[in-house]
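Inspection log for the structure reproduced underneath, given as structure tokens.
The values are calculated or read from the model by the stated rules, or taken from the named source; none is laboratory data. Everything numeric in this text was worked out from a predicted model, so none of it was measured. All Cβ positions, glycine included, derive from the backbone under ideal geometry; neighbour counts span all protein chains shown. The accessibility values were calculated without ligands, DNA or RNA, using every heavy atom of the protein model including side chains. Shrake-Rupley method; radii C 1.70, N 1.55, O 1.52, S 1.80 Å.
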Amino acid sequence: MGMDYSRVRDWILREDCFDPLRLGKCESVMSLGNGYLGLRSATEERYLRETRGMFVAGTFNKFDENEVTELPNAADMTAMELTIDGEPFDLTVGTMEEYTRELNIRTGELVRRVLWISPAGRRIRFASYRTVSLKNLHEIAQRVEITPLSGDVTVSVRSGIDATVTNTGSQHFSEGDKRFYDKKAIQFVLRTTQSGIDFVQTTQHRLAVDGRVQEQDAQVYIERREIFAGYEVKVRQDECFALEKYSSVYTTRDFDAAGRTTAELQEAGLTACREMETQGYAGILADSAAQWEAEVWGRTPICIEGNAQAELNQFAVRFAQYHMRIMVPAQDNRMNIGAKGLSGEGYKGHCFWDTEIFLLPYYSFTAPEIARRLEEYRYLSLPGAHAKAAHNGYRGAMFPWESAWLDDGEVTPEYCDVDILTGKPVKVWSGILEQHITSDVAFGAWQYAAITGDEDFMDQYGYELIFDTAIFWASRLEAGEDGCYHINDVVGPDEFREHVNDNAFTNYMAKWNMEKALEYYELLKTEKPEIFAELNEKLQLDAACEAWQDGCAHIFLPQPTAENVLPQDDRCLRCRAIDLTKDQQQEHLGGIQRD
């Protein structure tokens, strides 16, 4: 599978050949979304090694008590069974004379074009178009075109909603109402098994030949966890058969679903699909593209000029901007950004320190209203941070390493993978020992306010976050025989080094957190006495202040060596040196040829 960068000036990432053994790559990098839902870019037709996925932000569920919460893979609405004169449309058979798949990051559209010769020799021009609306967050639109080039054909389509998908085998849904309205609209209601969230998924189709709408009743197929519509259309040579599919997704955990019954969401889903059909695929795409221009490209135009690599670098930045928009739940402060966004099952949709340290600055500078919601999420999840601190024998707020729904608390899996030497499951120590997340959260709150000047945020949330996390660090310090306070048995940002003492990043950030708390303690006493009084009563700041002063004065901070190397922990300078020359000379990175 090759990636073609020749059209980067047109905002387009293109796949120039079809590889059924490496489907997951483009399914992820070309994924579509709007922050409410994310859609992997699997093809319409099914293949053995595909991973179909649609994820709705904040809809976490546990498969059973032995697993942690994760974003459930919702029922698939993009797959279609396409047959032409009885031959399935399948790119692993027959031959292809042309093939491209393109993601236009400017408009948020996925386009695939194929010239396929079937095993029986039928020449077919195929094209598919897909978008997830940034204008209307609940909407997905598709268009498929089939043009026979070597004679008349009969095209058969089977398309609908497939709830047999899983999270790598874990089924998160129970079946609910399955309906077929007016022999046109298909609707499926599913409920998450543990969290009790209703998903209302609705879809309907419009068929046309050379622009002439084909009115026909669908054949209905209802099976376990599946409901499909079937159509059959005769198409003359060189005529274009077009199928447009309009789909909507609503859940009872949507921000705007408060007070609405499942029945009302069902009606909303039907209304959305009817309005989408009236608008048509082109209109839906145009509205979404205009929203992309208003929210992202027109608002944050980043231009790179320079050498021959400037165009590729320009595209790389815009590609990052694209994904940072489709992964952020901008509409809801009750959720945050998953480490894999909404592009797949990786990291179970959980939020890490990545938000505060790597992602938040972009939003703070370019979309402060989104950044504030991300930070409000941390404040709203303080009860889980308090529970984790208390469970581990500490005070204050000890934030979860992996965070999901507000009331979930710590959701890091206890075990993952298998040790190749012992054959035993590998213990995941991050949830217990990777504690720098707490100061990362405090840093994010401070940095957001420093960038935006949002004093209202600090008054309502920020000061308390920084005080509460500093209280944790003061309780976490351990007195050593050297007269210093140490932070022992942790995992730093280098997760390959477990059970280390005095990790440099952790210790320096802990001191920063306590110093910032001391600074704000004095500031509030002098300039905002009412807020100080409220927080003093809530957090006992006067007593905490003494602990912070003591902690800052005595915490151990690793110092640079004579060679100006800052040891990342107490053991790293005793480690064996490794020759990295072989790795540095590799000519492939992530499967993409480096020119």
Quiz item: So what's the projected area for segment 442-548, the Cα convex hull averaged over all directions, in nm²?
Solution: 7.5 nm²
Quiz item: For segment 378-456, rounded, prolate or oblate, judged on the Cα gyration tensor with a ≥ b ≥ c (square roots of eigenvalues), a/c < 1.5 rounded, else prolate if a/b > b/c?
Solution: prolate
Quiz item: With every protein chain present, what accessible area does F255 have (1.4 Å probe, heavy atoms only), rounded to the nearest 10 Å²?
Solution: 120 Å²
Quiz item: What shape does segment 115-227 take by its C-alpha gyration tensor, where a ≥ b ≥ c are the square roots of the eigenvalues and a/c under 1.5 counts as rounded, a/b above b/c as prolate, and the rest as oblate?
Solution: prolate
Quiz prompt | Pairwise FRET efficiency - R497 versus A120, Cβ, R0 = 56 Å, nearest 0.05 | solution = 0.40
Quiz item: Dipole magnitude of the chain about its Cα centre, charges +1 at Lys/Arg Cβ and -1 at Asp/Glu Cβ only, in debye to the nearest 20?
Solution: 1700 debye
Exercise. Counting only C-alpha contacts under 8 Å and six or more residues apart, can you give the relative contact order of the chain as a whole percent?
Key: 11 percent
Practice problem: Show K25, K424, K582 ordered by accessible area, largest first, where the area counts protein heavy atoms only and the probe is 1.4 Å. | Solution: K582, K424, K25
Quiz item: Considering only C575, L524, G346, whose Cα is most displaced toward the positive end of the charge dipole of the chain, charges sitting on Cβ of Lys, Arg (+1) and Asp, Glu (-1)?
Solution: G346
Self-check item: Local net charge near E264, Cβ-Cβ under 12 Å (Lys/Arg +1, Asp/Glu -1)
Solution: -3
Practice problem: Go ahead and collect, in residue order, the members of segment 101-122 whose backbone nitrogen is under 20 Å from a label point 7 Å along the Cα-Cβ direction of T300. | Solution: 104-109
Quiz prompt | Full-stretch length increase - E455, A208 - with 0.36 nm per residue and alpha-carbon distance subtracted | solution = 83.3 nm
Practice problem: In nm, give the distance between the simple-model label positions of T168 and D217, each being 7 Å from the Cα along the Cα-to-Cβ direction. | Solution: 4.6 nm
Quiz prompt | Solvent exposure, largest accessible area first (probe 1.4 Å, DNA, RNA and ligands not counted), of K184, K388 | solution = K184, K388
Self-check item: For segment 469-519 and segment 286-327, distance of Cα centres in Å
Solution: 39 Å
Quiz item: Residues with beta-carbon under 14 Å from that of L382, excluding L382: net charge, scoring Lys, Arg +1 and Asp, Glu -1?
Solution: -2
Practice problem: Return one whole number: the accessible area per residue of the chain in Å², for a 1.4 Å probe. | Solution: 44 Å²
Quiz item: What angle, in degrees between 0 and 90 and rounded to the nearest 10, separates the Cα long axis of helix 463-476 from the longest principal axis of the Cα atoms of the chain?
Solution: 60 degrees
Quiz prompt | 14 Å beta-carbon shell around S150, net charge (K/R +1, D/E -1) | solution = -2
Quiz item: Of all accessible surface on the chain at a 1.4 Å probe, what whole percent is carbon and sulfur?
Solution: 50 percent
Self-check item: Three-way shape call for segment 185-321 based on the alpha-carbon gyration tensor, with the a/c threshold at 1.5
Solution: oblate
Exercise. With a 10 Å radius around each residue's Cβ, average the other Cβ atoms per peptide and rank 469-476, 528-535, highest first.
Key: 469-476, 528-535
Exercise. Kindly sort R130, R14, R236 by accessible area of their heavy atoms, largest first, with the probe set to 1.4 Å.
Key: R236, R14, R130
Quiz item: If one takes the longest principal axis of the Cα atoms in the chain, at what angle in degrees, from 0 to 90 and to the nearest 10, does the Cα axis of helix 368-380 lie?
Solution: 60 degrees
Quiz item: Quick one: Karplus J couplings for segment 43-49, per residue in order, coefficients 6.51, -1.76, 1.60, θ = phi - 60°, nearest Hz, x for Gly and Pro?
Solution: 6, 5, 6, 8, 9, 4, 9
Quiz item: What figure in square angstrom, to the nearest 10, would you give for the accessible area of D542 with a 1.4 Å probe?
Solution: 70 Å²
Quiz prompt | Cα→Cβ-extended label distance, 7 Å offset, between R224 and A310, nm | solution = 6.2 nm
Practice problem: For P(r) over Cα pairs in 20 Å bins from 0, in percent, several values are listed as (i) 18, 47, 28, 7, 0; (ii) 20, 56, 23, 1; (iii) 19, 48, 25, 7, 0; flag the one computed from this structure. | Solution: (i)
Quiz item: Taking the alpha-carbon centroid of each part, what is the distance from segment 22-70 to segment 355-423 in angstrom?
Solution: 22 Å
Practice problem: Evaluate the distance, in nm, between pseudo-label points positioned 7 Å from the Cα of K424 and of N392 along their respective Cα→Cβ axes. | Solution: 2.3 nm
Exercise. List, in the order given, every pair from K245/K340; K62/K427; K25/K135; K388/K424; K25/K348 whose Cα-Cα distance in the structure shown is over 24 Å.
Key: K245/K340; K25/K135; K388/K424
Exercise. For the chain, find the longest principal axis of its Cα atoms and tell me its angle to the long axis of helix 437-452, 0 to 90°, nearest 10.
Key: 80 degrees
Self-check item: Solvent accessible area, Å² - R179, 1.4 Å probe, full protein context
Solution: 100 Å²
Exercise. Evaluate the charge dipole of segment 266-404 about its Cα centre and quote only its size in Debye, nearest 20, assuming +1 on the Cβ of each Lys and Arg and -1 on the Cβ of each Asp and Glu.
Key: 580 debye
